[in-house]
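Okay, so here's the structure we're looking at.
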Amino acid sequence: MSRDLSHFRENYEHGVLRRADLADDPIVQFERWWDSWMAKPRYDAAACVLATASASGVPAARYVLCRGFDADGFEIYTNQESRKAQDLRTNPQAALVFGWLEEDRQVRVEGPVTQIDDATADAYWASRPRGSQLGGWASDQSEVLADRAELERHRAEAADRFGGEEEGDPVPRPPYWGGYRVGFDRMEFWQGRPSRLHDRFAYRRNSSEPTGWTIDRLSP
Ligand SMILES: Cc1cc2nc3c(=O)[nH]c(=O)nc-3n(C[C@H](O)[C@H](O)[C@H](O)COP(=O)(O)O)c2cc1C
């Protein structure tokens, strides 16, 4: 079976990115593009792709939800026994890709990953709906399940264990559930342009620059 997809082709005419437009610091530039992205309602606005690699260099990528960003990096939350967590334990480096395709934009983030402290993880956990909290207890993320019923049984066991039924009834954070902060030593902003002559600017951390960053225009 072979499906030809070669006719899907956009011409990328939504905007331009000039060197003079760029902020000195990539997180400020990210914030500008984030604000522009959020100027319209977006479905699952904070979704991005997290790429990790195992100790032996095997890559894996999956969507996650970015739960916040600042000068220290991008916050994500997950099960810390999952495949991604096992990758990060032995190789604490990651890449994130934000694909804001309706604006012909992509942002690539690359850097070291650190664990988010317990108090911050507790605060985020507490903000999640009760159903998501019970789902967190029910799922041995990335492990094989016999069937759907096994997952639903785990969820029912979690509900019994913690009691309560109402939204807001406390469910503690599982010991294996928490957050990572993806720091950045490199960040790249891509603005699609017609005829594949896209604008690409890469920031690289460089302590000898007054701004702390080298910015290069890259060939598309
Ligand atoms: C839009 C979207 C958002 C997601 N957000 C998260 C998330 O924030 N945390 C998470 O652990 N998994 C999230 N997932 C599920 C992951 O893509 C993935 O299936 C899961 O984390 C297991 O990945 P792993 O086996 O590589 O560890 C999301 C999936 C999608 C499609």
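Out of W213, L96, T52, whose Cα points farthest toward the positive end of the dipole of the chain (charges: +1 Lys, Arg; -1 Asp, Glu; placed on Cβ)?
In the chain, that residue is W213.
In whole percent, what relative contact order does the chain give with Cα contacts below 8 Å and a gap of six or more residues?
Values: 362 pairs, mean separation 53.9, N = 220.
With pairs under 8 Å counted, the relative contact order is 24 percent.
Starting from the Cα of R9, step 7 Å along the direction of its Cβ; do the same at D185; then give the gap between the two resulting points in nm.
Modelled inter-label distance: 3.9 nm.
Would you work out which of Q191, L134, H154 lies farthest towards the positive end of the dipole of segment 128-191? Charges go on Cβ: Lys and Arg +1, Asp and Glu -1.
Q191
Counting only protein heavy atoms and a 1.4 Å probe, tell me what percentage of segment 16-162's accessible area is made up of carbon and sulfur.
With neighbouring chains kept in place, the figure for segment 16-162 is 50 percent.
Give me the 1.4 Å probe accessible area per residue for segment 60-186, excluding ligands and nucleic acids, in Å².
Details: 6800 Å² over 127 residues.
Per residue, segment 60-186 has an accessible area of 54 Å².
Between the alpha-carbon centers of segment 1-49 and segment 77-110, tell me the distance in whole angstrom.
17
Could you sort the peptides 103-111, 3-11 by per-residue average Cβ neighbour count (10 Å cutoff), highest mean leading?
Details: 103-111: 20.0, 3-11: 6.7.
Highest mean packing first, the order is 103-111, 3-11.
So how strong a dipole does the chain carry about its Cα centre when Lys and Arg Cβ are +1 and Asp and Glu Cβ are -1, to the nearest 20 debye?
In debye, rounded to 20, the chain gives about 820.
Quick one: helix 118-127 against the long Cα principal axis of the chain, what's the angle to the nearest 10°, folded into 0 to 90?
Approximately 80 degrees, to the nearest 10.
Between L101 and D160, what is the FRET efficiency for a Förster distance of 45 Å, r being their Cβ-Cβ separation, to the nearest 0.05?
0.55
The values are calculated or read from the model by the stated rules, or taken from the named source; none is laboratory data. Computed from a prediction, not measured in an experiment: that's the story for all the values here. When we count neighbours, we look across all protein chains shown, and the Cβ atoms used for this are built from the backbone with ideal geometry, even at glycine. Note: accessible area is taken over every heavy atom of the protein model, side chains too, but ligands, DNA and RNA are not part of it. Shrake-Rupley method; radii C 1.70, N 1.55, O 1.52, S 1.80 Å.
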